[in-house]
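The values are calculated or read from the model by the stated rules, or taken from the named source; none is laboratory data. Fair warning: this is a prediction, and the values are worked out from it, not measured in the lab. A quick note on method: Cβ atoms are made from the backbone with ideal geometry, for glycine too, and the neighbour counts reach across all protein chains shown.
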Amino acid sequence: MSGGGTGGHIYPAIAIANELKARHPQARFLFVGAKDRMEMQKVPKAGYEIEGLWISGIQRSLTLKNLSFPFKLIHSLSKSKKIIKDFQPDVVIGTGGFASAPLLRVASRRGIPCLIQEQNSYAGIANKWLAKTVNTICVAYAQMERFFPKEKIVLTGNPVRQDITLISEKREEALKHFSLDKNKKTLLVLGGSLGARTINQLVENSIPFFRDCKVQVIWQTGGYYFDMYKRHNETKVVQVHDFLYQMDLAYAAADIVISRAGALSVSELCIVGKPVIFIPSPNVAEDHQNKNAQAVVKENAAVLIEEKDLDILFESEFRILINSDVKQQELSNNIKQLAKPMAAKAIADEVDKLLSSK
């Protein structure tokens, strides 16, 4: 298994591994990531071994760091050859990120069955580079033949945490857990585990507005920003959290969600089925968060507001949504149609096909 750099690559890999481990209890698993990246901590915590490669991505602006890239790539290809030789895998799975590229390149050239999983609606550099040599490409969005050979594509969705699939049964528990007023609408604000500065500033500036709308807010600031905003816990409008450890209850409590549009967030929100306002991060490769959100919005399944338009559009768009039960229900129904809650199983099915064809 190889994928890393961000949680969007790591957590799908772990979810796929967990499903395969349940099917094949005697199987051995080895993850390969990038040294000094978050996978080196997250993967062992999930119970799997991991090897690190000396590799990093190419910077999109001119920088001295790019001068070391050819040496890192050669070193990583060499180490990948050793890993493949020593571990002797029956199948190799990549979930994106620069660490997956050398490993799957080596494996596919040696005739080992390979599968890649692309989380975003706009394919990443590593997966585009690997597409011609791997056997199967699992995707989360339609029309990915723009990037990959059509005959290799399988539409599976993104693996997500399973506890969010039953949130409809947890509403009362969730309201009690967060000490919420059941007679008021609840807004859940998510900026990712690290937080989003612009979204945090928006919430802080909008506290009087939310009070006027009679909305109560569960606000995840992210660990980096928590100390800046925790004082707002003293208001009756918002409760401030650095991180939400029981996301199933947070989703269950919410009537409306404001969120970034990372691939896994979008996939989770499709399953959750609540009305969503996406505020994509403009600071990501290939503007993929905006593209992820657009793929949902074109199905009339969410509202999209770009950061540059928040001052002009946010209050009017939010007021329209919060005051219209019909609009909320319409978005909820439509986004549920895009959900793929069995993605990990579907991807594991494709892995099993590769194993049986050996």
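Tell me yes or no: at least one residue of the range 177-186 is more than 30 Å from ALA123 (Cα to Cα), modelled with pLDDT of 95 or more, in the same structural domain as LYS291 (by TED's automatic domain parsing) and of a type in the set (A, V, I, L, M, F, W, C). Yes, there is a match, as at least one residue in the range 177-186 is more than 30 Å from ALA123 (Cα to Cα), modelled with pLDDT of 95 or more, in the same structural domain as LYS291 (by TED's automatic domain parsing) and of a type in the set (A, V, I, L, M, F, W, C).
Does GLU286 meet the test of being over 20 Å from GLU317 (Cα atoms) and surrounded by fewer than 23 Cβ atoms within 10 Å (Cβ to Cβ)? Considered against the rule, which asks whether it is over 20 Å from GLU317 (Cα atoms) and surrounded by fewer than 23 Cβ atoms within 10 Å (Cβ to Cβ), GLU286 comes out as yes. Filter the range 56-96 for residues that are under 22 Å from the mean Cα position of the chain (by Cα) and closer than 14 Å to SER2 by Cβ; which is modelled with the lowest pLDDT? Per the criteria, the residue is GLY96.
Applying the condition of being in a loop (DSSP other than H, G, I, E, B) and modelled with pLDDT of 95 or more to the range 238-257 and asking which residue is farthest from GLU173 (Cα to Cα) yields ASP255. Taking the criterion of being among the basic types (Lys, Arg) and either assigned to a loop (DSSP other than H, G, I, E, B) or within 18 Å of ALA196 (Cα to Cα) (or both), the residues of the range 292-325 that qualify are LYS298, LYS308. Checking the range 294-302 against the condition returns a match, with at least one residue being under 20 Å from the mean Cα position of the chain (by Cα), closer than 25 Å to ALA126 by Cβ and of a type in the set (A, V, I, L, M, F, W, C). The residue pairs whose first member lies in the range 281-301 and is outside the structural domain of GLN143 (by TED's automatic domain parsing), whose second member is among the β-branched types (Val, Ile, Thr) and surrounded by fewer than 17 Cβ atoms within 10 Å (Cβ to Cβ), and whose beta carbons are closer than 8 Å, counting only pairs six or more residues apart or on different chains, are ALA285/ILE125.
With the structure loaded, tell me whether PHE278 is more than 23 Å from PRO12 (Cα to Cα) and modelled with pLDDT of 95 or more or whether it fails that test. In short, no.
Checking the structure you have, find out if any residue of the range 222-235 is within 18 Å of the chain's Cα centre (by Cα), modelled with pLDDT of 95 or more and not charged (D, E, K, R). The answer is no; no qualifying residue exists.
Tell me, yes or no, whether the range 195-204 has at least one residue that is under 30 Å from TRP129 (Cβ atoms) and either at pLDDT 95 or above or in the same structural domain as ILE322 (by TED's automatic domain parsing) (or both).
First, pick out the residues of the range 195-204 that are under 30 Å from TRP129 (Cβ atoms): 196.
Adding the requirement that they be either at pLDDT 95 or above or in the same structural domain as ILE322 (by TED's automatic domain parsing) (or both) leaves 196.
Looking through the range 195-204, at least one residue is under 30 Å from TRP129 (Cβ atoms) and either at pLDDT 95 or above or in the same structural domain as ILE322 (by TED's automatic domain parsing) (or both).
Looking at SER267, is it closer than 16 Å to GLN162 by Cβ and either of a type in the set (Phe, Trp, Tyr) or within 13 Å of the chain's Cα centre (by Cα) (or both)? Yes.
The listed residues are ALA34, ALA22, and the only one of them that is surrounded by fewer than 20 Cβ atoms within 10 Å (Cβ to Cβ) and out of contact with any helix residue (DSSP H, G or I) (no Cβ under 7 Å at 6 or more places or on another chain) turns out to be ALA22. For the range 74-111, taking the residues that are polar (S, T, N, Q) and within 23 Å of LEU355 (Cβ to Cβ), the one that is surrounded by the fewest Cβ atoms within 10 Å (Cβ to Cβ) is identified as GLN88.
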